[in-house]
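Q: One structure coming up, written as structure tokens, with questions to follow.
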Amino acid sequence: MNTAIDDPQPAAAQPAAAQSARRQLKHLGFIHLVPFDRADPGRGLREGIELFEHAEQLGLDSGWVRTRHLQYGLPSPAPFFSAVAQRTSRIGLGSAVIPLGHENPFRLAEDLGVADALSGGRVLPGLSVHPPGFTDEVNDLVFDTGWREEDYGYGRIERLRSLLAGTPVREVPEYNGIGGDFDSERVEPHSPGLSDRLWYGGGSLRSATWAGSAGLNWLVSNISSAENGLTEFAEVQRAQIDAFRAAHPAGEEARATVARVIVPTDGASASQAAKYRAYAEARTPRTEQVHGKNTIIAKDVLGSRDEIVEFITNDLAFQAADDYLFELPFEFELADWKQILTELATNIGPALGWRPAA
């Protein structure tokens, strides 16, 4: 196995929780940045749509996109999903995640409603909240100066969920013959069930507890927060998943997803395998320290099918998850991403007990 992966501990040396039975894997998917070239952004966006088509043909359950602002990555999941919906018929369309600080909840509810209606109810909105993170000058330009008084807390998600659920925001006056005959009291288009498909993408016990108490789904990725004396990545995320379910009305039935950068070498050409190893090795040093106050980063998982399956089987966070997502490396190309998804759907997933959708 590549040195970018920690060797699993022998069973006898693992914590008791590590030896517990792994939850049945329910869904398998991927996360993609949808990167593009500055000079030709359309090409990258079209390749993103092609990758979703490929994933659906492989039988994967969902594809998720990151949200990037002022970067060469997809900034607007909803219109992208509307386009993907015209080329696919089944695959789930997730966002991992939309930072609500950049969004007006009312307008986002409209955009998500359009995408969900066009896709036949396949949108899986993953969300996060945090205050603006640019310099004051850039924040003034992006958010207007009112950002200093705005509330960027969890209430922003509650407002979005209420709007998606169809909660009335006004009374519609009786039609008097001068406009208003198309008026609605709620956000339109309303897509039933969309408000029940919200995920919170977090990395702290506080967020895990809030997401659980709010009845959302929980999504963790390859960046998290060391807390309560825990610094080992899988233990940190397992503690968050446990806290999430402890606070959730559904308890142990609450839905949790784990996403990691996982790169299979089976099926790769010699040049691809060399590129994959160089990528993982270059990123390993960042995983060997705590960044800032308490930020920790998971090591990339790179290896053969058997090595990847062994890693996942012995990982505390994966053991507690219902769904697994493979985070696709930003710097790769369409052929590389297709190779990774093909291995995921045809070899790795079935070895973990998953079966592709018909």
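Q: Does Leu51 satisfy being assigned to a loop (DSSP other than H, G, I, E, B), surrounded by 17 or more Cβ atoms within 10 Å (Cβ to Cβ) and touching a Gly at 6+ places or on another chain (Cβ under 8 Å)?
A: Details: assigned to a loop (DSSP other than H, G, I, E, B): no; surrounded by 17 or more Cβ atoms within 10 Å (Cβ to Cβ): yes; touching a Gly at 6+ places or on another chain (Cβ under 8 Å): yes.
When the stated conditions are applied, Leu51 does not pass them.
Q: Tally time: how many residues in the range 285-320 are under 18 Å from Thr265 (Cα atoms) and outside any helix (DSSP H, G or I)?
A: Of the residues in the range 285-320, 6 are under 18 Å from Thr265 (Cα atoms) and outside any helix (DSSP H, G or I).
Q: Follow-up. So is Thr295 buried (at least 18 other Cβ atoms within 10 Å of the Cβ), within 24 Å of the chain's Cα centre (by Cα) and β-branched (Val, Ile, Thr) or not?
A: Values: buried (at least 18 other Cβ atoms within 10 Å of the Cβ): no; within 24 Å of the chain's Cα centre (by Cα): yes; β-branched (Val, Ile, Thr): yes.
It is false that Thr295 is buried (at least 18 other Cβ atoms within 10 Å of the Cβ), within 24 Å of the chain's Cα centre (by Cα) and β-branched (Val, Ile, Thr).
Q: Test Ala268 against the criterion of being part of a loop (DSSP other than H, G, I, E, B) and over 27 Å from Gly212 (Cβ atoms), and give yes or no.
A: It is true that Ala268 is part of a loop (DSSP other than H, G, I, E, B) and over 27 Å from Gly212 (Cβ atoms).
Q: Can Glu288 be described as among the acidic types (Asp, Glu), under 28 Å from Ile49 (Cα atoms) and free of Cβ contacts under 8 Å to residues at least 40 places away in the same chain?
A: no
Q: If you don't mind, another one. Quickly run through the range 310-358 and pick out the residues that are out of contact with any strand residue (DSSP E or B) (no Cβ under 9 Å at 6 or more places or on another chain), among the hydrophobic types (A, V, I, L, M, F, W, C) and buried (at least 19 other Cβ atoms within 10 Å of the Cβ).
A: Of everything in the range 310-358, just one residue is out of contact with any strand residue (DSSP E or B) (no Cβ under 9 Å at 6 or more places or on another chain), among the hydrophobic types (A, V, I, L, M, F, W, C) and buried (at least 19 other Cβ atoms within 10 Å of the Cβ), namely Leu316.
Q: Do the conditions hold for Ala243, that is, is it of a type in the set (A, V, I, L, M, F, W, C), crowded, with 16+ Cβ neighbours inside 10 Å and out of contact with any strand residue (DSSP E or B) (no Cβ under 7 Å at 6 or more places or on another chain)?
A: yes
Q: If the requirement is being in contact (Cβ under 8 Å) with a residue 60 or more places away in the chain, in contact with a Ser or Thr (Cβ under 6 Å, 6 or more places away or on another chain) and polar (S, T, N, Q), which of these qualifies: Ser221, Ser225, Ser204? Step through it out loud before you land on a result.
A: Numbers: Ser221 fails: in contact with a Ser or Thr (Cβ under 6 Å, 6 or more places away or on another chain); Ser204 fails: in contact (Cβ under 8 Å) with a residue 60 or more places away in the chain.
Exactly one residue qualifies, and that residue is Ser225.
Q: Which numbered condition trips up Gly94, out of (1) buried (at least 17 other Cβ atoms within 10 Å of the Cβ); (2) over 17 Å from the mean Cα position of the chain (by Cα); (3) modelled with pLDDT of 95 or more?
A: Against the list (1) buried (at least 17 other Cβ atoms within 10 Å of the Cβ); (2) over 17 Å from the mean Cα position of the chain (by Cα); (3) modelled with pLDDT of 95 or more, Gly94 comes up short only on (2).
Q: Using beta carbons and a limit of 6 Å, which pairs, at least six apart or on different chains, have the first residue in the range 339-354 and among the charged types (D, E, K, R) and the second one surrounded by 21 or more Cβ atoms within 10 Å (Cβ to Cβ)?
A: Glu343/Pro264
Residues checked against (1) under 23 Å from the mean Cα position of the chain (by Cα); (2) surrounded by 19 or more Cβ atoms within 10 Å (Cβ to Cβ); (3) under 19 Å from Gln339 (Cα atoms); (4) at pLDDT 90 or above:
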{"site": "Ile5", "(1), (2), (3), (4)": "yes, yes, no, no"}
{"site": "Pro15", "(1), (2), (3), (4)": "no, no, no, no"}
{"site": "Ser20", "(1), (2), (3), (4)": "no, no, no, no"}
{"site": "Arg38", "(1), (2), (3), (4)": "no, no, no, yes"}
{"site": "Ala55", "(1), (2), (3), (4)": "yes, yes, yes, yes"}
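The values are calculated or read from the model by the stated rules, or taken from the named source; none is laboratory data. Keep in mind it's a predicted model, so treat the numbers as computed, not measured. Positions of Cβ are generated from backbone atoms using ideal geometry, with glycine treated the same way; all protein chains shown enter the neighbour counts.
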